[in-house]
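Beneath this line is the structure, given in structure tokens, with notes to follow.
The values are calculated or read from the model by the stated rules, or taken from the named source; none is laboratory data. Predicted model only: the values in this text are computed from it and were never measured. Counting neighbours? That spans all protein chains shown, and the Cβs are built from the backbone with ideal geometry, glycine included. Just so you know, the surface numbers come from the protein's heavy atoms only, side chains and all, with ligands and any DNA or RNA stripped out. Shrake-Rupley method; radii C 1.70, N 1.55, O 1.52, S 1.80 Å.
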Amino acid sequence: MQFGWPNRVLCCLPLGLLLAGCGGNSSMVTSAAAPSITTQPSNQTVTVGSAATFSVAASGTTPLTYQWQKSTTPITGATAANYTTAATTSSDNGSQFEVVVTNSVGTITSNAATLTVTAVVPSATDVLTYHNDIARTGQNLNETMLTASNVTSAKFGKLGFYSVDGLVDAQPLYASSVAVPSNGTHNLLIAATEHDSVYAFDADTGATIWHTSMLKSGETTSDNRGCGQVTPEIGVTSTPVIDRTGGANGVVYVVAMSKDGSGNYHQRLHALDLALGTELFSGPAEIQATYPGTGDNSNGANVVFDPGQYEERAGLLLMNGVVYTGWASHCDIRPYTGWVIAYDRSTLAQTSVLDVTPNGNEGAIWMAGAGLAADTSSNIYFLDANGDFDTTLNSSGFPANGDYGNAFIKLSTSSGLAVSDYFEMDNQSSENGSDTDLGSGGAMVLPDLSDGAGHTMHLAVGAGKDSNLYVVNRDSMGKFNATNNNSIYQELAGALPGGVWAMPAYFNNTVYFGSVGSPIQAFTITNAKLSTSATAHTANSFGYPGATPSVSANGTSNGIVWAVENSNPATLHAFDASTLNELYNSNQAASSRDNFGNGNKFMVPTIVNGKVFVGTPNGVAVFGLLP
């Protein structure tokens with residue numbers, strides 16, 4: 001009877017307590033609880049293009065369900081305790097977000113949290129010269145706003161159009177955060193026209209900050225000189241160059257052609273105040289030159305630069321305080337030769353002159369408007385057009401009479417301009433005689449590359465009408481051998497069908513070329529050699545003159561290749577830099593939303609600070625993330 005007493009006690013306990021001890025229903029059982037907010041969503045502040053995340057914490061009988069709302073409208077798919085927005089735009093500023101929390105007992109709505117979207121703080125990213133840098137790589141590696149995920153027709157498109165008074169053949173340039181006396185600070189877009197005007201726009205609003213004519217009193221722009229390549233007028237054809245450190249506010253250097261009342265033609269170098277557009281350094285400087293030789297337009301001792309016979313097509317190069325210019329003819333209308341002329345950036349005094357066909361003819365510097373390229377040792381590289389080449393070489397392997405028609409040329413600048421090396425293809429006579437010139441395309445200097453065997457290679461690339469891709473060793477370019485091209489570093493014969501009337505671009509160990517009637521092709525670099533065939537290409541092809549790509553990226557991520565198709569209407573394309581799959585083109589949006597007019601021969605997109613600027617026959621089209 002050891003357990004008898006406890007049993008008798010249990011039998012005497014009240015029934016409620018007994019049921020409670022056995023799990024029965026009683027006042028001690030916890031009832032279901034309605035939801036309550038323990039941590040309210042907090043206000044968020046982000047910059048345009050960034051995402052914002054809102055969070056809530058709630059208690060109550062589970063399961064709890066969540067539905068986020070924007071300004072009381074439910075957001076599809078936003079059904080978790082945290083919600084992250086898409087990339088924000090300026091129109092999201094001031095939006096309110098709340099969340100409805102529900103369970104089987106009830107519903108509660110959180111306090112509203114406010115989203116503040118601020119403008120991106122202006123960065124120091126500039127585009128001051130043709131194709132971004134003096135190597136002419138065309139890459140902007142500081143683009144943080146445009147990504148492969150937001151450059152789509154749903155999020156990206158035409159924002160505006162800045163009208164001007166003539167063809168914009170020069171690439172638009174961009175100078176950030178320029179202090180304009182008595183007019184605040186502006187990101188400036190510089191656009192030059194064939195009507196001999198230079199404009200400075202506020203790059204963000206399109207307001208004209210200044211507009212300056214390059215014409216002197218009584219002058220007009222030049223006629224087309226009987227050549228339809230730049231027509232109906234010739235004013236500013238080449239891309240200017242900007243010096244942020246010159247003068248009081250920075251300097252824009254511009255070459256302009258004009259015609260006076262007596263029928264005389266002029267080529268002048270202007271230096272304009274970046275903030276005000278006024279002439280500096282007692283400019284402009286009249287461009288005149290002579291060089292020893294008996295070639296076209298020689299007086300018997302010197303060839304003479306006739307300003308009416310030339311146009312400055314190649315983009316200006318500013319290096320070590322010197323502005324370098326390279327000169328093309330009007331079509332192939334003789335007399336003309338191949339001139340490079342240099343000027344001091346501060347005085348506009350001529351510092352050096354070189355003619356690369358002084359005892360022959362032709363040999364113009366066209367390069368589809370590409371700028372003279374340069375390396376970090378202050379050497380200049382360019383592709384010369386068809387012209388006389390001396391097959392009689394001196395003991396150092398250079399043409400005896402100094403004529404370098406159709407050559408890939410390297411110039412030293414340490415003691416004035418001089419040819420220091422070159423490459424000439426073995427079939428130069430055929431190419432020179434048939435106008436199959438190398439100089440239809442631009443040259444690009446590659447960054448230092450390792451060959452995998454411990455050697456650092458210094459290379460440059462270029463291509464012209466013959467469809468071959470030429471890679472030269474800048475330390476030993478190969479010179480001339482009438483039998484073969486074995487002395488060149490690398491030649492990809494026929495790699496660029498249709499020929500090249502454009503400029504390549506470089507990004508992340510890849511070279512991009514857009515030849516005529518062909519897709520843009522990517523050639524990857526391994527151990528300092530280009531792949532022998534394209535590793536990627538666009539699905540679409542580009543008619544004449546092909547495409548000059550530009551690249552935007554944030555370091556090595558979010559690489560985008562941009563190119564303009566010279567069609568009617570013109571088309572801006574964006575491609576993933578790794579695959580060349582298309583991300584966007586300006587014909588995708590409904591109702592011609594992003595159309596920006598007809599094409600133009602020289603159209604090189606400028607990508608900077610979340611915007612893309614494209615010169616057109618009558619203005620600059622502006623693209624970016626849609627509001």
Restricting the range 581-607 to residues that are under 18 Å from Glu143 (Cβ atoms) and of a type in the set (A, V, I, L, M, F, W, C), the residue that is farthest from the chain's Cα centre (by Cα):
Leu583
In the range 56-71, how many are closer than 22 Å to Ser104 by Cα and either within 46 Å of the chain's Cα centre (by Cα) or part of a strand (DSSP E or B) (or both)?
9
Test: Asp260 is surrounded by 17 or more Cβ atoms within 10 Å (Cβ to Cβ) and either closer than 21 Å to Leu318 by Cα or out of contact with any Phe, Trp or Tyr (no Cβ under 7 Å at 6 or more places or on another chain) (or both)
no
Among residues of the range 95-111 being without any contact (Cβ under 8 Å) to a residue 60 or more places away in the chain and among the hydrophobic types (A, V, I, L, M, F, W, C), the residue most open to solvent (accessible area, probe 1.4 Å) is Val100
Where in the range 512-623 are there strands (runs of 3 or more DSSP E), lying fully within it, with 1 or more residues that are open to solvent by 40 Å² or more (accessible area, probe 1.4 Å) and of a type in the set (Gly, Ala, Ser)?
557-565
Tell me, please, whether a residue that is under 18 Å from Thr118 (Cβ atoms) and touching a strand residue (DSSP E or B) at 6+ places or on another chain (Cβ under 7 Å) can be found in the range 53-68.
yes
Gln44 modelled with pLDDT of 95 or more and either open to solvent by less than 50 Å² (accessible area, probe 1.4 Å) or out of contact with any Lys or Arg (no Cβ under 6 Å at 6 or more places or on another chain) (or both):
no
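Which is crowded, with 24+ Cβ neighbours inside 10 Å and over 24 Å from Ser213 (Cα atoms), of Asp296, Asp332?
When all the criteria are applied, what remains is Asp296.
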Taking the range 276-293 and the residues there that are among the polar types (S, T, N, Q) and in a loop (DSSP other than H, G, I, E, B), the one that is least open to solvent (accessible area, probe 1.4 Å) would be Thr278
Here the residues within the range 352-368 that are outside any strand (DSSP E or B) and either open to solvent by 10 Å² or more (accessible area, probe 1.4 Å) or of a type in the set (A, V, I, L, M) (or both) are Val356, Asn359, Asn361, Ala364, Ile365, Trp366, Met367, Ala368
Select from the range 369-406 the residues that are under 31 Å from the mean Cα position of the chain (by Cα), touching a residue at least 40 places away in the same chain (Cβ under 8 Å) and not in a strand (DSSP E or B) and list them in ascending order.
Gly369, Ala370, Gly371, Leu372, Asp375, Ser378, Asn379, Asp384, Ala385, Asn386, Gly405, Asn406
Are there any pairs with C-beta distances below 6 angstrom linking a residue in the range 188-199 that is farther than 17 Å from Gly369 by Cβ and of a type in the set (Ser, Thr, Tyr) to a residue that is open to solvent by 10 Å² or more (accessible area, probe 1.4 Å) and at pLDDT 95 or above, with the two at least 6 apart or on different chains, and if so which?
Ser197/Asp165; Ser197/Ser213; Tyr199/Val164; Tyr199/His211
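Filter the range 86-105 down to the residues that are among the hydroxyl-bearing types (Ser, Thr, Tyr) and modelled with pLDDT of 90 or more, then identify the one that is nearest to Pro172 (Cα to Cα).
Top of the filtered list is Ser95.
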Counting only residues that are among the hydrophobic types (A, V, I, L, M, F, W, C) and surrounded by fewer than 18 Cβ atoms within 10 Å (Cβ to Cβ), which one in the range 113-133 is farthest from the chain's Cα centre (by Cα)?
Ala119
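Yes or no, residue by residue, for (1) over 25 Å from Gly235 (Cβ atoms); (2) in contact with a strand residue (DSSP E or B) (Cβ under 6 Å, 6 or more places away or on another chain); (3) not β-branched (Val, Ile, Thr):
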| position | (1), (2), (3) |
| --- | --- |
| Ala112 | yes, yes, yes |
| Tyr130 | no, no, yes |
| Phe161 | no, yes, yes |
| Pro172 | no, yes, yes |
| Thr185 | yes, yes, no |
| Phe201 | no, yes, yes |
| Gly206 | no, yes, yes |
Could you tell me which residue of the range 215-236 is farthest from Arg313 (Cα to Cα), considering only residues that are open to solvent by less than 10 Å² (accessible area, probe 1.4 Å) and assigned to a loop (DSSP other than H, G, I, E, B)?
Cys227
Could you please let me know if Thr548 is closer than 14 Å to Ser578 by Cα, in contact with a strand residue (DSSP E or B) (Cβ under 9 Å, 6 or more places away or on another chain) and of a type in the set (S, T, N, Q)?
no
Quick one: which of Thr571, Thr532, Thr556 is more than 28 Å from Gly49 (Cβ to Cβ) and β-branched (Val, Ile, Thr)?
Thr532
If we keep just the residues of the range 156-214 that are more than 23 Å from Ala124 (Cα to Cα), in a loop (DSSP other than H, G, I, E, B) and among the hydrophobic types (A, V, I, L, M, F, W, C), which is nearest to the chain's Cα centre (by Cα)?
Val168
Mind checking whether some residue in the range 481-497 is open to solvent by 10 Å² or more (accessible area, probe 1.4 Å), over 13 Å from Asn468 (Cβ atoms), in contact (Cβ under 8 Å) with a residue 60 or more places away in the chain and not small (Gly, Ala, Ser)?
no
Kindly provide the set of residues from the range 163-192 that are within 30 Å of Ala51 (Cα to Cα) and open to solvent by 10 Å² or more (accessible area, probe 1.4 Å), ordered by number.
Ser177, Thr185, His186, Asn187
Conditions (1) in a loop (DSSP other than H, G, I, E, B); (2) modelled with pLDDT of 95 or more: number failed by Ile108:
(1)
